[in-house]
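Take a look at the structure set out below.
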Amino acid sequence: MIINFKYTETFLSIIKDQGLDKKLVNTILDRFERHLNPFPECCGVHVYLQEIGVTKYRGYISPENYTLLYSYENKGNVVTVHAILHQRQDIQKLLFNRIIER
């Protein structure tokens, strides 16, 4: 099964806003894509999001302590990456800021 990976504008803007090192991001994404292939639903629903009733988004935790929030659409085997955050970051604050920016 071939998995198609898409990265949202929000994901890309977070990388830019946080000034994440390109090499670090590439390493994280390479591991992420290898981890999800061929089982894109292998990561659990993100705990905080599940607590507030949002079960669409899963969380991959990298060895570098970053979490990638993603969703999976069975039709077309598409994994869409929505956000990257360090485990010390407050997801609630990140979501709030993204809502305000829109």
Of the residues in region 1-42, those that are aromatic (Phe, Trp, Tyr) and open to solvent by less than 70 Å² (accessible area, probe 1.4 Å) come to PHE5, TYR7, PHE11, PHE32
Look at region 47-68 and say how many of its residues are more than 20 Å from TYR7 (Cβ to Cβ), within 14 Å of the chain's Cα centre (by Cα) and either among the aliphatic types (A, V, I, L, M) or open to solvent by less than 10 Å² (accessible area, probe 1.4 Å) (or both).
1
Show the residue pairs that are 6+ apart or on different chains and have beta-carbon atoms under 7 Å apart, the first residue being within region 3-15 and among the hydrophobic types (A, V, I, L, M, F, W, C), the second being assigned to a helix (DSSP H, G or I).
ILE3/LEU36; PHE5/GLU33; ILE15/VAL25
Out of region 52-68, which residues are within 19 Å of ARG88 (Cα to Cα) and either basic (Lys, Arg) or part of a helix (DSSP H, G or I) (or both)?
ARG58
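Working only within region 69-87, note down all residues that are open to solvent by 60 Å² or more (accessible area, probe 1.4 Å) and part of a strand (DSSP E or B).
GLU73, the sole residue that qualifies.
For (1) in a helix (DSSP H, G or I); (2) modelled with pLDDT of 95 or more; (3) touching a Leu at 6+ places or on another chain (Cβ under 6 Å), each residue gets a yes or a no:
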| residue | (1), (2), (3) |
| --- | --- |
| LYS6 | no, yes, no |
| SER13 | yes, no, no |
| ASP17 | yes, no, no |
| VAL25 | yes, yes, no |
| HIS35 | yes, yes, no |
| GLN50 | yes, no, no |
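The values are calculated or read from the model by the stated rules, or taken from the named source; none is laboratory data. Quick caveat, the model's predicted, so the values are computed rather than measured. Cβ sites come from the backbone with ideal geometry, for glycine too, and all protein chains shown count toward neighbours. Accessible surface is based on the protein model in full, side chains and every heavy atom, while ligands, DNA and RNA are left aside. Shrake-Rupley method; radii C 1.70, N 1.55, O 1.52, S 1.80 Å.
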